[in-house]
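Reading through the structure tokens given below for one structure.
The values are calculated or read from the model by the stated rules, or taken from the named source; none is laboratory data. Treat the numbers as computed from the prediction; the structure is a model and nothing was measured. Glycine gets a Cβ as well: all are built from the backbone with ideal geometry, and neighbour counts include every protein chain shown. Please note that ligands, DNA and RNA were not included when accessible areas were found on the heavy atoms of the full protein model with its side chains. Shrake-Rupley method; radii C 1.70, N 1.55, O 1.52, S 1.80 Å.
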Amino acid sequence: MNAVSIAVALGYLLAAIGFVVALHLMNSPATARKGSRLSWIGMIVAVAAVLTSVIHDHTITTTGWIVLSVGALGGGAAGLVMARRVKMTDVPQVVSIFNAVGGGAAALVAAGDFVRLDGGPGIGTRVMIATVLDIIVGPVTFSGSLIAAGKLQGWVASRPVVFPGARFITAALTIIGVGSGCYLLAGHDSTPVLILAVCAALAFGVTMVLPIGGADMPVVIALLNSFTGIAVAIAGFVIDNGALIIGGALVGASGGVLTLLMARAMNRSIISIMMGGFGTGDGGAATGPAAAGAGAGVRRVSAADAAIQLAYASKVAIVPGYGLAAAQAQHEAAELAALLAEHATVFFAIHPVAGRMPGHMNVLLAEANVPYPDLKEMDAANLEFPTTDVVLVVGANDVTNPAARRPGNPVSGMPILNVDQAKSVIVIKRSMGHGYAGIDNELYTDPKTGMLFADAKAGLADISAAVKALVAS
């Protein structure tokens, strides 16, 4: 090995170490930003190592450099624009798009290597196995992630989309994909068969995600993220790049673990989630006072009523949900918490699947500079609720529904935040509309629950103003 080869190998090693340490730092919201910085530094080192290698070995033509430069500049510009303009509520869609890009890029690497070697001395068994796996996993991730992003954005129906013969079509696509892969592995280096396998995988990704309801999207995103990592790691085997193998393996493993944790938080198996049929989406729900009257036995309260309860409480819990995210009300929630903390113990109760992606609420509250010690995960929060004076639920629905404790409904068995065990509950919600599970929330008709029908941002601001007036008087 010459000096350049040694430097490149060390660069890959440093990048891999950076990825491992960064992933460890991301275990905690307190150190997640450091982990994020370290990860992109590691990526810069890996890219620099790759460029050093190809420049030294003269493996790219002038045309190749032009294509590479245009792609890098275009991708970098698009990433920068998205990072600056995308709202926090749209981050799940962005993650899904990134998953799609990762899976698609890995598949292109494998397909490109196959086409380059086709017609030559033959493709080695190890490379062929990796290529076949990549042209199946990559396209599935690509199309499935785009459908998931479409469901989250509202371009595709959030409800499970099922049509006659859907299972038969999915099974047929599976047979075609596996059959094509076996044909290639048998030593037939056929580009048309490769294209057939890719098309079958793309279609399978669509038919796999369409039947899955919006309530399961956090788990689907985590699973597709794992698929992306696996595809990237396999691409590393195709082109014999250690950095891709290590980085992809880390993403694949962490995404797989996260998928299992999210499924466990919903008390559902991965198989049942992938079979689809859960969740009806949140479209079509009426809003405003007219819809508010649809709930029998609901006790309505005003912002002033809520402020009185909160101002005289000694222990308060705030439960954020997607309604808080949609209204971009995290700063108002943080302001109210800081105001109440002057006379009471205040904490945020976080359900692991609240929002539309893993850690959604943690990210929003971190952006609003809510101290990490003030965030309590579900198990810790449930221990606090029996001694809590007031729980303020902001746009959280299914994750607080006591119906989960009874069998025979879509949320049966799902671990929930036991907010109904507190002395008093205030719910800020625009209407009596359903959550993604498509059923009524029994918490709303509990005698101890007061419903404040308002946009989360406006409702929290009104409560804060009323609390300040009470404190000043």
Once Tyr183 and Asn369 are pulled to full extension, the length gained, defined as 0.36 nm per residue separation minus their Cα-Cα distance, is 61.4 nm
In degrees rounded to 10, the 0-90 angle between helix 3-25 Cα long axis and the longest Cα principal axis of the chain is 20 degrees
Whole-percent carbon and sulfur contribution to the accessible surface of the chain (1.4 Å, no ligands, DNA or RNA) stands at 68 percent
Result for the chain: accessible area per residue, probe 1.4 angstrom, in square angstrom, of 46 Å²
Asserting the computed 222 nm helical MRE of the chain (DSSP H runs at least 4 long, -39500 (n - 2.57) per run, divided by residue count, to nearest 500) equals -20000 deg cm²/dmol
Sorted on mean Cβ neighbours within 10 Å (highest first), peptides 170-183, 90-103, 305-318, 216-229 come out as 216-229, 90-103, 305-318, 170-183
Taking a straight Cα-to-Cα line shorter than 27 Å from Lys468, and setting aside same-chain lysines fewer than 8 residues away, one finds Lys315, Lys376, Lys423, Lys429, Lys448, Lys457
By the C-alpha gyration tensor axes a ≥ b ≥ c (rounded if a/c is under 1.5, else prolate when a/b exceeds b/c, else oblate), the shape of the stretch 162-271 is oblate
Residue separation between Val115 and Asp240 times 0.36 nm, minus their alpha-carbon distance, gives in nm 43.3 nm
Everything considered on the Cα gyration tensor (a ≥ b ≥ c; rounded for a/c under 1.5, else prolate if a/b is larger than b/c, else oblate), the stretch 1-107 must be described as oblate
Taking 0.36 nm per residue of separation between Ser69 and Asn2 and subtracting their Cα-Cα distance, the length gained on full extension comes to 21.4 nm
So the angle from the long Cα axis of helix 91-117 to the longest Cα principal axis of the chain, reported in degrees to the nearest 10, equals 10 degrees
Nearest-0.05 FRET efficiency for Ile41 and Trp155 at R0 = 35 Å, using Cβ-Cβ distance, is 0.50
For the chain, the longest principal axis of the Cα atoms and the Cα long axis of helix 32-57 enclose an angle in degrees, to the nearest 10, of 10 degrees
For the stretch 328-385, the dipole about the Cα centre with charges only on Cβ (Lys and Arg +1, Asp and Glu -1), to the nearest 20 debye, works out at 180 debye
Rg/Rh of the stretch 371-413 (Cα atoms, Kirkwood Rh), to two decimals, equals 1.02
Computed from the beta carbon distance with a Förster radius of 51 Å, FRET efficiency for Met274 and Ser473 to the nearest 0.05 stands at 0.35
Quick note, the chain: a/c under 1.5 would make it rounded; otherwise a/b > b/c is prolate and the rest oblate (a ≥ b ≥ c, C-alpha gyration tensor); here it is prolate
